[in-house]
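**Student:** After the structure tokens below, expect a handful of questions from me.
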Amino acid sequence: MTFDNYVEGDCNRLARSAGWAISKNPGKTSFNPLFIYSEVGLGKTHLVNAIGVQTKTNFPDKTVVYVSADIFYQQYIEAIKTKNLNDFLWFYQAVDMLIIAGGKGKTQEAFFHIFNSLHQNNKQIIITADKSPVEISGFEPRLLNRFKWGLTADLQVPDLETRIAIIN
């Protein structure tokens, strides 16, 4: 998926434009972090994949990691079980762009430290979820506060013309 293939409606132009700006200058825009939320099936995954692909096209040497919240959580639990939490943290703190799909509250402590490290080092953070950050139960206030540092974008159902263009 690239930006050329991503069909947008007027209501989603902000998220697409932010993604395009991020892919040109990851970690150094006012859209860090970028938190995209919407109902299921409205294109969050396609958009963040397009951002990651375009970033790799523009900066082949950058490390872009796309991980679901479920996999992130499983890796976190495995790191604790095997006493490799430092390796887990170092891996994620070393990436240039971290895209996490599907917010999950159970890994907040580790994510908080990863978030701080990436943000302080001008690395890009992108998160997707089915709800806005304040609607996700269990998020700590300190994480909610950090999400406000960047842009939170709500993808809306596209108009009929855009939906037809997507199908075509």
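The values are calculated or read from the model by the stated rules, or taken from the named source; none is laboratory data. Since this is a predicted model, take the numbers as computed values, not measurements. Every residue, glycine as well, gets a Cβ built from its backbone with ideal geometry; the counts of neighbours run over all protein chains shown. Accessible surface areas use protein heavy atoms only, side chains included; no ligands, DNA or RNA. Shrake-Rupley method; radii C 1.70, N 1.55, O 1.52, S 1.80 Å.
**Student:** Leaving ligands, DNA and RNA out of it, report the carbon-plus-sulfur percent of the accessible area of the range 43-168 at a 1.4 Å probe.
**Tutor:** Here it works out to 52 percent.
**Student:** Here's another thing I want to ask about it. Explain nothing, just the number: relative contact order of the range 58-126, from Cα pairs under 8 Å at least 6 residues apart, as a whole percent.
**Tutor:** 39 percent
**Student:** A further question on this structure: Among all the lysines, which ones have a C-alpha under 26 Å from K44's C-alpha, if same-chain residues fewer than 8 places away are not counted?
**Tutor:** Within the straight-line limit of under 26 Å, K44 reaches these lysines: K24, K28, K56, K62, K104, K106, K123, K131, K148.
**Student:** Report K24's accessible area, 1.4 Å probe, all protein chains in place, as a number in Å² to the nearest 10.
**Tutor:** 120 Å²
**Student:** Further question on the same structure: Compute the signed sum of charges (Lys and Arg +1, Asp and Glu -1) over the other residues within less than 10 Å, Cβ to Cβ, of G27.
**Tutor:** Local net charge: +2.
**Student:** Could you work out [θ]222 nm for the chain from helices alone, using -39500 (n - 2.57) per DSSP H run of at least four and dividing by all its residues? Round to the nearest 500 deg cm²/dmol.
**Tutor:** Rounded to the nearest 500, it is -14000 deg cm²/dmol.
**Student:** Now, a different point. With springs connecting C-alpha atoms under 10 Å apart, model the chain as a Gaussian network and identify which of Q74, Q108, Q93 has the largest mean-square fluctuation.
**Tutor:** Evaluated over the chain, the most mobile residue of the options is Q74.
**Student:** Taking Cα centroids, how far is the range 114-130 from the range 34-74 in Å?
**Tutor:** Going from one Cα centre to the other spans 12 Å.
**Student:** Next up: Rounded to the nearest 20 Debye, what is the dipole magnitude of the range 72-144 about its Cα centre when Lys and Arg each give +1 and Asp and Glu each give -1 at the C-beta?
**Tutor:** Its charge dipole is roughly 100 debye.
**Student:** Also, I was wondering about something else. Against the longest alpha carbon principal axis of the chain, how many degrees, from 0 to 90 and to the nearest 10, is the axis of helix 108-120 turned?
**Tutor:** Once rounded, the angle reads 70 degrees.
**Student:** While we're looking at this one, here's another question. Comparing T82, T128, T45, which has the greatest mean-square fluctuation in the GNM of the chain with Cα pairs linked when under 10 Å apart?
**Tutor:** It is T82.
**Student:** Could you tell me whether the chain comes out rounded, prolate or oblate from its Cα gyration tensor? Rule is a ≥ b ≥ c as square roots of the eigenvalues, rounded for a/c under 1.5, then prolate if a/b exceeds b/c, otherwise oblate.
**Tutor:** The shape class here is prolate.
**Student:** Let me ask something else. Taking only protein heavy atoms into account and a 1.4 Å probe, give the accessible area per residue of the chain in Å².
**Tutor:** Normalised by residue count, the accessible surface of the chain is 52 Å².
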